[in-house]
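Accompanying notes for the structure given below.
The values are calculated or read from the model by the stated rules, or taken from the named source; none is laboratory data. Remember, predicted model here, so these are calculated numbers, not experimental data. Note that we place each Cβ from the backbone using ideal geometry, even for glycine, and neighbour counts take in every protein chain shown. With ligands, DNA and RNA removed, areas are computed over all heavy atoms of the protein, side chains included. Shrake-Rupley method; radii C 1.70, N 1.55, O 1.52, S 1.80 Å.
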Amino acid sequence: MRLFAATPVMLFMALALSGCGGGGGGGNDGGSSPSPNPVTPPVTPPPEPTYSLSGTISAADSQVVDSDTNDPTREAIGNDTFLTAQPIPNPVTIGGYVNRPGTGEPGRSQISGDIDDYFAVELLAGQRVTMLVANFDEADADLYLYTPAGEIVDFSIDTGEIESLLIAEDGDYLINAFAFTGATNYTLAIGAPASAQTLPEATSQPVSQHSSQQDIVPWEAVVKYRDNISVSSAAASARSAAVQWGMHEAAGGAGRDRLLAMQRATADPQRLKARTGNAMHKSAALANDALRARWETLQTIKRLRTDPRVEFAEPNYRIRPLLVPNDEAFALQWHYPLIALPDAWNTTTGDENMIVAVIDTGVLPSHPDLLGQFVGGYDFVRDAENAADGNGIDPNPTDPGDIQGNGSGFHGTHVSGTVVARGNNGRGVAGVAYTSKVMPLRALGTDGGTTYDLGQAIRYAAGLGNDSGTLPTRSADIINLSLGGGGFSQSLQNLLQQVRQRGIFVVAAAGNEASSAPGYPAAYEGVISVSAVDSQGRLAPYSNTGSTIDVAAPGGNSGVDLTGDGYPDGVLSTSANSSDGQLNYVYSFLNGTSMASPHVAGVIALMKSINPALSPEDFDAMLIAGSLTDDSGAPGRDNQFGYGLINANLAVNAALESIGSSPADNPRLVSSVGNLNFGATITELGITLRNAGQGELEILSIEASETWLSARPVNTDDNQLGDYTIAIDRSALTPGVYAADLVATSSVNTVSIRVFASVGGAAFASDVGVLYVLLYDPATDSTAAQFVASGRNGDYSFRFDDVTAGEYEIIAGSDKDNDLLICDAGESCGAYLTVDQPIRLTINADRVGLDFPAEFVVSLPSLQGAAHNSTTGKTFKLRPTAQDDNDPARTRQLQ
């Protein structure tokens, strides 16, 4: 029986469109005579039945594609100048492409270049504009902010994979993506910084800034020459720079860092060109001398970094005393305030002796946000080919990715990060129980796994005899199973009952088939089955339901951005990619019940950190009593949310009460969200206002800063705590982008929710570019057909005819850089039902309604430079031998 996690799907897809071949005929031998006996004609077998498949792919809300990419399939609409700037909504995620002339793949702009993309947008003070540069190791793209009058008022010109701006004032602006060198896809996100009320009190520091925004000493650079450069050669290099660029050595010396001082070059065109290269023309547009000094300093440092004799070149930063920094991307982890996790952290962040076994695809133990977070572990993938690490069972649970270098989702690393990513370390994200540990156990290879291998991994985690011949030093307290597939197995049911009898919790993902049928292993008796909700606490569209669901947790929905941060509402956690042939550590947004399950596993780890004797039976009783959840859906238990949405703070308090300890009497009003994004069409969204502590608390008032914003109670108690509907009325608003604050005042404290909405103006239909829809046949490891969909008003209809019976997966993505790879960094991607877990369809009849979303799948690098790429981790190669099925005008050549 095969098992599949969220990502062991085919990661690199070859498309070979088969054509009908002609057969040769045979005549008789020239000198022979015909047979006197009549020849019975061969019986022609009946034609093999074929079927049609069709559906609609929906572009994610608030997503727009650059109107002049390198893909020649769609007619380009130039956005290369101020006058042709492309209007965009706000908040928004944009997928784009820029290139210098003569760089990049053959396509629309390969020869002439597409140096600038301009986007016209209304921005609000406090919003952040972030650009992720996909091919940063081969190209350099910069980010500029212009006023409509043509002045540059801000910029980000680093050489890495991320550029970022913080908007100072409300107004109309032009955002410019500029190709400094090379060719690259990019993802541009405009959104709101997280509301301070969503951050835990101990980690309420801002996200790190980039060098373009940090306080630097103008006209100075810190430079280190490579060790193999002689002292005299290094000195000669410094003298050469001083002559050519007007620089001299102000401090430092041979074999160590040097402080180089620069003379202002604005009045010397030759020197300015030497320092600023392709960006020289930007100098005249800078709004003031201070901005110009910063820009010229950073441009000079950028140019110094291209000198092969230079080991590093960086600004001379001004430094000041600071508090301990917050995890950089914690503000994007909307899924934690939704379950009251920051409030639970005031009591516990876990215990280093508490072990959660993650049975999955393996892990990346050297991910910078997971260092020191693992104990023991084993690889139980028996089949060497499926294991892709050169052997079968072995003591190394490292996820090898794809040995062909074609990309890997690193699913187990993402799941593990949700449980134990290091918190409060100034890097990346935080895990639910970040002081606890994960035991990594690998039972899924490049083509999934088997129930037998899964059983061996469970046995190892529980300290039972297994095929490894070894036992862990200490068995796990909790086992997380973000996987599924196959039918009921008596062997596994018996094993899971034995594990539960040993006091070990087993938590499993309910499945992503949008089905009410039991899915295993989540449906086994004694297993905690977890369904998934989105950022509003609503059932996620892919989540399984049914009578076996016990509890719900955040799984995300990447098809929307209701949090208004400019990124899809997926679950953000540790990840990596290997699509460029190298292993690069990133943080990626994924959605699925696979993401929901580790939230619950982590919460149980918090509970057992307080009460190590807590048993699965204790947990069940608390769950049934309503002590661990916020009731969702129908009152009491229902088939969508089970007993409700997990509430980490309630769970921690229940654990305290189970040992006879009362939680501290510290009532505090909190909100389930910090920001709400209504976009251009949404009129109502929801929030939950709750008491995060113990003791009495009463809401005294809820006031809106603008008349178009209102709140009404939906399900509240006598203290006015509970669920509210937040509504906006656009009827009296003129076209534009609006922001307002909803302030809830209690008898103890006040919380504020930032609200964004847009009205009228240009009509912005969601658009993720031309989509190439692939019908993949796993039996032959090939693509059976391709459909090219241009889309209309955010919907992309597709249809495959003459499909023979069998099993297939449907995957779609854009190819903005025209490199014949879809789902590259900066490109859109989708699959039926989710990218995280494409469903294998059994086709023996016509199928309609195969609908799913596609979005720009965003992965964040570490802002400290530990990660190196923003690709999704999955790329699918198109290799047609003929013209695209439904696009006779375009022939794609072999790469």
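Of interest is the spacing of the C-alpha centroids, which for region 53-104 and region 672-727 amounts to 36 Å.
Applying 1/(1 + (r/R0)^6) with r as the Cβ-Cβ distance of Asn666 and Ala732 and R0 = 56 angstrom yields a FRET efficiency of 0.85.
Given a 1.4 Å probe and every protein chain left where it sits, what share in percent of the accessible area of region 700-771 is carbon and sulfur?
48
As a length-normalised measure over Cα pairs under 8 Å and 6 or more apart, the relative contact order of region 643-783 settles at 23 percent.
The charge dipole of region 693-814, taken about its Cα centre with unit charges on the Cβ of Lys, Arg, Asp and Glu (plus for the first two, minus for the last two), comes to roughly 540 debye. On the beta carbon distance between Ile77 and Ala125, with R0 = 30 Å, the FRET formula returns roughly 0.50.
Accessible area per residue, 1.4 Å probe, Å², for region 629-782: what's the number?
Working: 6500 Å² over 154 residues.
It amounts to 42 Å² per residue over region 629-782.
Cβ-Cβ distance of Leu464 and Glu684, R₀ of 35 Å, FRET efficiency by 1/(1 + (r/R0)^6): the value works out to about 0.10. For Asp399, the amide hydrogen comes within under 5 Å of the amide hydrogens of Val363, Leu364, counting only partners 5 or more places away or on other chains and with H modelled in the peptide plane. Let a ≥ b ≥ c be the square roots of the eigenvalues of the Cα gyration tensor of region 524-585; is it rounded (a/c under 1.5), or, if not, prolate (a/b larger than b/c) or oblate? Oblate, because a/c is 1.5 or more while a/b does not exceed b/c. For region 641-681, the fraction of alpha-carbon pairs lying more than 13 Å apart is 70 percent, rounded to a whole number.
Near Ala461, once Lys and Arg are set to +1 and Asp and Glu to -1 for all other residues with Cβ below 11 Å from its Cβ, the sum equals +2.
I need the shape label for region 376-464. Rule: rounded when a/c is under 1.5, else prolate if a/b > b/c, else oblate, with a, b, c from the alpha carbon gyration tensor. Verdict is oblate for region 376-464. In this label model, Ser547 and Glu807 are separated by 2.8 nm, measuring between points 7 Å along each Cα→Cβ vector.
Figure legend: label point modelled 7 angstrom from the Cα of Ser54 along Cα→Cβ; residues of region 763-799 with amide N under 19 Å from it are 771-775, 785-799.
Keeping the other protein chains in place, figure out the carbon and sulfur percent of the accessible area of region 528-668, with a 1.4 Å probe.
Numbers: 1890 of 3820 Å².
Carbon with sulfur: 49 percent of the solvent-accessible area.
What is the local net charge at Asn591, summed over the other residues whose Cβ is closer than 9 Å to its Cβ (Lys, Arg +1; Asp, Glu -1)? The answer is -3.
Each label was represented as a point 7 Å from its Cα along the Cα-to-Cβ direction; for Asp215 and Ile624 these points are 6.0 nm apart.
Would you mind telling me the share, in percent, of accessible area of region 420-506 contributed by carbon and sulfur at probe 1.4 angstrom? Carbon and sulfur: 43 percent of the exposed surface of region 420-506. Using a probe of 1.4 angstrom and keeping all protein chains present, the accessible surface of region 336-444 works out to 26 square angstrom per residue. Shape annotation for region 567-666: C-alpha extents along the principal axes are 54, 32, 29 Å, from largest to smallest. Annotation: extensible slack from Ala517 through Asn396 equals 40.0 nm (criterion: 0.36 nm per residue apart, minus Cα-Cα distance). Determine the sum of side-chain charges near Ile359: Lys and Arg each +1, Asp and Glu each -1, restricted to other residues whose C-beta is under 13 angstrom from that of Ile359. It works out to a net charge of -2.
Taking a 32 Å limit on the Cα-Cα distance, which of the listed pairs Lys224/Lys437; Lys224/Lys282; Lys224/Lys816; Lys302/Lys437 fall beyond it?
Long pairs (Cα-Cα over 32 Å): Lys224/Lys437; Lys224/Lys816; Lys302/Lys437.
Were the residues from Asp172 through Ser797 laid out at 0.36 nm apart, the gain over their Cα-Cα distance would be 221.5 nm.
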